[in-house]
1. Can you confirm whether the stretch 148-163 contains a residue that is under 25 Å from residue 103 (Cβ atoms) and free of Cβ contacts under 8 Å to residues at least 40 places away in the same chain?
2. Please identify the pairs in which a residue from the stretch 41-66 that is without any contact (Cβ under 8 Å) to a residue 60 or more places away in the chain has its Cβ atom under 7 Å from the Cβ atom of a residue that is part of a loop (DSSP other than H, G, I, E, B) and surrounded by fewer than 14 Cβ atoms within 10 Å (Cβ to Cβ), counting only partners at least 6 apart or on another chain.
3. (1) over 21 Å from the mean Cα position of the chain (by Cα); (2) outside the structural domain of residue 17 (by TED's automatic domain parsing); (3) outside any helix (DSSP H, G or I): which one isn't true of residue 206, the others all being true?
4. Spot the failing condition for residue 156; the list is (1) over 19 Å from residue 111 (Cα atoms); (2) surrounded by 14 or more Cβ atoms within 10 Å (Cβ to Cβ), and only one is missed.
5. Take the stretch 143-187 and flag every residue that is assigned to a helix (DSSP H, G or I) and more than 18 Å from the chain's Cα centre (by Cα).
6. Look through 51, 29 and report the one residue that is of a type in the set (Val, Ile, Thr), farther than 14 Å from residue 10 by Cβ and either touching a Ser or Thr at 6+ places or on another chain (Cβ under 7 Å) or surrounded by 11 or more Cβ atoms within 10 Å (Cβ to Cβ) (or both).
7. For residue 218, which of the numbered conditions (1) surrounded by 15 or more Cβ atoms within 10 Å (Cβ to Cβ); (2) at pLDDT 85 or above fails to hold?
8. With respect to the numbered conditions (1) under 30 Å from residue 25 (Cα atoms); (2) in contact with a strand residue (DSSP E or B) (Cβ under 9 Å, 6 or more places away or on another chain); (3) at pLDDT below 95, which one is the sole condition not fulfilled by residue 174?
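The values are calculated or read from the model by the stated rules, or taken from the named source; none is laboratory data. Nothing here was measured: the structure is a model prediction, and the numbers come from that model. All Cβ positions, even for glycine, are placed from backbone atoms using ideal geometry, and neighbour counts span all protein chains on display.
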Amino acid sequence: MKIAIFSESYLPYLNGVSISIRILHEELTRRGYEVWIYAPRFRGHQDSYPTVRRLPSFYTPFEPDYPIAWLFAPRLWREFRTLGFDVVHTHTPFFTGMAGASWARRLRIPLVSTYHTLYEEYLHYVPPIVPKSLVRRVLRWHLKRYYEGVDAVMTPSEIGAEVLRKYGIRKPITPIRNPVLPFPEVNKAEARTQLGVPDDVWMLLYVGRMAPEKNVSVLLKAMPHIVRGCPNARLWLGGSRTRLR
């Protein structure tokens, strides 16, 4: 089987979606499937996989590290229609996903899509000059229109499925958890020694983007209450910072 994956988020950009797609790509390839990735072009990045294709992209001042793909990519389209894909799997309802959906429909290829992100939780990234109520209405209209146009929808959790049903989407929605790599065994005593953490300290660890939508502030607000009950508790935060206050 030959599969085309379209995603706005992919390496070298690191987030949950790009990592899950990398794992999906590697595992499907290991099982004998032929997988091609279509994602926006990143400045200065060279892909190691020969089946990764980069759509022309542009950057905005609002998210200068996150490229946005152009819908117009005639060279890639000409190649795409000769490759004989069996299924197209989009991981975004926006520019790259819209290109994938359009190409799949034009060639009558089965189209499935994964709804990864609760986009209404990201409205704080909208410039203040734009009314959030307007963005919310347009977003809901677009999501319903996009996901009603695919053959099947997947979500990493039941919460995502519930959100799509509230939007009025009637297509089949199947919750399928994102793939996770097994954690390597860690010698806790050695790790504590390397970090300089005494044995009697109770360690709490958060690893991920430190952004408003990740609710890291909940952990910070909870720590005084935790410390009252467990004075030796300490919180470690690891990850990149994006607009965390």
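1. As a first pass, look at the stretch 148-163 and keep what is under 25 Å from residue 103 (Cβ atoms): 148-156, 160.
Filter once more, keeping what is free of Cβ contacts under 8 Å to residues at least 40 places away in the same chain: 148.
Taking every residue of the stretch 148-163 in turn, at least one turns out to be under 25 Å from residue 103 (Cβ atoms) and free of Cβ contacts under 8 Å to residues at least 40 places away in the same chain.
2. Pairs found: 42/12; 45/12.
3. Unmet condition: (1).
4. (1)
5. Within the stretch 143-187, the subset assigned to a helix (DSSP H, G or I) is 143-147, 158-166.
Hits for the stretch 143-187 are 144, 145, 162, 165, 166.
6. Numbers: 51 fails: farther than 14 Å from residue 10 by Cβ.
29 is the lone residue from the list that is of a type in the set (Val, Ile, Thr), farther than 14 Å from residue 10 by Cβ and either touching a Ser or Thr at 6+ places or on another chain (Cβ under 7 Å) or surrounded by 11 or more Cβ atoms within 10 Å (Cβ to Cβ) (or both).
7. Condition not satisfied by residue 218: (1).
8. (3)
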